[in-house]
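Novice: Next up is a structure, given as structure tokens.
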Amino acid sequence: MKKTFERQQHDFYSVWSQINILYCKWAELLHINYTTLLTLYGLDVHGGMTQKNICDFYGFPKQTINGAVHNLLRCGYVTFEASPKDKREKLVKLTENGKAYAEELLEPLYQAEQYAFSAIGDEKMTQLLDTIDIYNTLLEKRLEEMK
């Protein structure tokens, strides 16, 4: 039993790490950092997000996202807008230049992701996502119980 867990644990973290490495390599190829890539990705996919939303979504520290957002702001790729839900919150949104920049960087990545998803097939992708969701739910529950 312990041997099976250790093998599965190793295999799981190897796969998880490889996914992160692939996105890091893509960012490096684009001459941007990983945080900036994921910030652009999140803004492109989700539209306006607060910096806290970005932090919560990707698990990055506030300072890390703040640095990425302010670099994008200096380049004219993002702007801040008041949230329609809470005027005290500022949404980070892509500008028109930012949308073009994000599309240039992300479109090849989206195509690669779509290729991989399609090659895997809908049924296996659904199983994969369901399984990861169950794992996350169980792990979170157990970690909360251990506090």
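Novice: Does the stretch 82-99 hold any residues that are open to solvent by 60 Å² or more (accessible area, probe 1.4 Å), of a type outside the set (Lys, Arg) and modelled with pLDDT of 95 or more, and which are they?
Specialist: Answer for the stretch 82-99, where residues must be open to solvent by 60 Å² or more (accessible area, probe 1.4 Å), of a type outside the set (Lys, Arg) and modelled with pLDDT of 95 or more: Glu96, Asn97.
Novice: Another question about this same structure. Among Lys85, Lys99, Lys90, Lys52, which is basic (Lys, Arg) and closer than 25 Å to His31 by Cβ?
Specialist: Result of the check over Lys85, Lys99, Lys90, Lys52: Lys99.
Novice: What pairs come out if I take residues in the stretch 47-74 that are closer than 19 Å to Lys87 by Cα and open to solvent by 60 Å² or more (accessible area, probe 1.4 Å) and pair them with residues that are aliphatic (A, V, I, L, M) and part of a helix (DSSP H, G or I) whose C-beta lies under 9 Å away, six or more apart or interchain?
Specialist: Lys52/Ile65
Novice: Let me ask something additional. Go through Ala119, Ala102 for me and flag whichever is open to solvent by less than 60 Å² (accessible area, probe 1.4 Å) and either in contact with a Lys or Arg (Cβ under 6 Å, 6 or more places away or on another chain) or not in a strand (DSSP E or B) (or both). Let's see the steps before the verdict.
Specialist: On the way: Ala119 fails: open to solvent by less than 60 Å² (accessible area, probe 1.4 Å).
The unique qualifying residue is Ala102.
The values are calculated or read from the model by the stated rules, or taken from the named source; none is laboratory data. Since we're looking at a predicted model, the values are computed, not measured. Note: ideal-geometry Cβ built from the backbone for every residue, glycine included; neighbour counts use all protein chains shown. Just the protein is used for accessible areas: all its heavy atoms, side chains included, with ligands, DNA and RNA removed. Shrake-Rupley method; radii C 1.70, N 1.55, O 1.52, S 1.80 Å.
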